[in-house]
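Everything on this sheet refers to the single structure shown next.
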Amino acid sequence: MQKQNSKKKGFKSALFIARTAFKAQGPTGVELSGIIAELSGSVIMKDYPELKEEELGEIYLVDGQKAVLSSMSLHAQKYAAKKLATYGVHLLMDTFVEDFDGESVQLSNGKSIDTKNLIWAAGVQAKVFEGFYPDSFGLGKRLKTDPFNKVYFADNIYALGDCALIAGDENYPNGHPQVAQPAIQQAKNLADNLLKKQEVWKAFGYKDKGSLAIIGRNKAVLDFPNQKYAMSGFLSWLIWIFVHIMGLVNFKSKLRALYNWLGYYIYKDQSFRMIIKPNSRKK
Ligand SMILES: Cc1cc2nc3c(=O)[nH]c(=O)nc-3n(C[C@H](O)[C@H](O)[C@H](O)COP(=O)(O)OP(=O)(O)OC[C@H]3O[C@@H](n4cnc5c(N)ncnc54)[C@H](O)[C@@H]3O)c2cc1C
């Protein structure tokens, strides 16, 4: 087995798996690898001054797709890849993780990476319940439903959100993205149908409100609905903050999050963390 070119290794190396065979839509691996790369250059260096820069280890982002953020626009993909590369994140695209034994990760290209740290961000798989016909489950074990969220081969059982694979939307033949908006919109549509707010039941239609992904400080990508327009950089990052703060439940928590984030932004630090060092006290 050929080793991946990895000069620095050991407990500090980190590996992020972004996606596998499922055509996952989430940018979790991209966001995590960018933010941890940024942390290692600031907070970790500050907390562990004894560490030399070359001892910090390396970050690999392994992705079964040909590009990062493959569900987003080409602009977003290129921007994210470029920024991650400037952070020093190694991008291994079109590569699958085959095995991990706690010491090294085996890749589908025949290479391996020595690491004790593996973060899996390859998406979710819905829970399989007994009592459903095996044919009720589709890709990613999501429950296949009709356009009204009613599970196939079942009476009076509805599936919504991440666990639902809704038929009839030609734009999403492999299911809607497993993000909050489809779940919210499906819940509202089904509630309206059950409460008989319209004369005939309305089929679910997903309204794409756009996508956002954060890569690091001042760096984010934004696709407008249906990818008609894409942007990146500081303004997208501000919009990411605004959207996530507005999603919080009440004014007090919105204000608290904004205040905390402003502090982190200015001081590039967090007040709460766990610092683990070897115990030097004599027994
Ligand atoms: C790390 C991460 C980051 C994400 N970031 C974003 C983001 O930035 N933007 C975005 O739009 N989406 C994001 N998502 C995706 C988003 O969280 C989901 O798409 C969304 O929560 C789906 O809603 P849901 O109601 O289908 O499922 P969930 O929110 O997962 O709710 C399912 C609920 O069912 C409960 N449950 C499970 N099993 C049982 C059981 N047997 N009995 C009773 N209850 C049960 C669970 O505890 C949970 O509360 C992220 C997801 C992850 C994991």
- Amide H contacts under 5 Å for LYS144, restricted to residues at least 5 apart in sequence or on another chain and with H modeled in the peptide plane, are PHE137, GLY138, TYR152, LEU165
- Query: Three principal axis extents, largest first, for the C-alpha atoms of the chain, in Å?
  - Reply: 74, 49, 47
- Item | Pair LYS111, VAL43: separation of 7 Å Cα→Cβ label points (nm) | 2.9
- Gaussian network model of the chain, Cα within-10 Å springs - most flexible of VAL89, VAL249, VAL62: VAL249
- Message: Through the Karplus equation 6.51 cos²θ - 1.76 cosθ + 1.60, θ set to phi - 60°, convert the phi angles of segment 252-264 into ³J(HN,Hα) values in whole Hz; use x for Gly and Pro.
- Response: 4, 6, 5, 5, 5, 5, 4, 4, 4, 5, 4, x, 4
- Kindly provide the pair-distance distribution of segment 110-257 built from C-alpha pairs, with 5 Å bins from 0 and whole-percent values in order of increasing distance. 2, 8, 13, 15, 15, 15, 13, 10, 6, 2, 0, 0, 0
- Take peptides 74-82, 110-118 and line them up by average Cβ neighbours within 10 Å, highest first, as a rough protection proxy. 74-82, 110-118
- Approximate shape of segment 134-194 as ellipsoid semi-axes (Cα gyration tensor, √5λ), whole Å, largest first: 16, 15, 10
- Query: Are there GluC sites (Glu not before Pro) in segment 83-176 that DSSP puts in a loop and that have at most 10 other Cβ atoms within 10 Å, and which ones?
  - Reply: GLU103, GLU130, GLU170
- Message: Suppose each label sits 7 Å from its Cα in the direction of the beta carbon; what would the ALA154-LYS268 distance come out to in nanometres?
- Response: 5.1
- Item | Other-chain or far-sequence residues with amide H under 5 Å of PHE96's (modelled H) | SER108, ASN109
- Task: Provide, in order from the shortest bin, the percent of all Cα-Cα pairs of segment 111-167 in each 5 Å bin, continuing until the bin that contains the maximum pair distance.
- Result: 4, 19, 25, 17, 7, 7, 6, 7, 5, 2, 0
- Note on the structure: Once ASP146 and GLU53 are pulled to full extension, the length gained, defined as 0.36 nm per residue separation minus their Cα-Cα distance, is 28.0 nm
- Taking the inverse of the average 1/r across all pairs of different Cα atoms in segment 12-123, what Kirkwood radius in Å do you get? 14.3
- Item | Contour excess over end-to-end distance, with Cα ends at LYS277 and LEU235 and 0.36 nm allotted per residue | 11.2 nm
- Message: Give the separation of the Cα centroids, segment 82-136 to segment 50-77, in Å.
- Response: 13
- Query: What are the ³J(HN,Hα) values, in whole Hz, obtained from phi via the Karplus relation 6.51 cos²θ - 1.76 cosθ + 1.60 with θ = phi - 60°, for each residue of segment 156-165 in sequence order, with x given for Gly and Pro?
  - Reply: 6, 10, 10, 10, 10, x, 3, 8, 9, 10
- Query: So if R0 is 30 Å, what FRET efficiency would LEU255 and GLN125 give, r being the distance between their Cβ atoms, rounded to the nearest 0.05?
  - Reply: 0.20
- Query: Counting alpha carbon pairs within less than 8 Å and at least 6 residues apart, what relative contact order, in whole percent, applies to segment 12-123?
  - Reply: 38
- For every helix of n ≥ 4 consecutive DSSP H residues, a contribution of -39,500 (n - 2.57) applies; sum these over the chain, divide by its total residues, and give [θ] at 222 nm rounded to the nearest 500 deg cm²/dmol. -8500 deg cm²/dmol
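Order of 173-180, 51-58, 208-215, 194-201 by packing, highest average Cβ count within 10 Å first?
By packing density, highest mean first, the sequence is 208-215, 173-180, 51-58, 194-201.
Bear in mind that the values in this text are calculations on the coordinates, not laboratory data. All figures in this text were calculated on a predicted structure; none of them were measured in a lab. All Cβ positions, glycine included, derive from the backbone under ideal geometry; neighbour counts span all protein chains shown.
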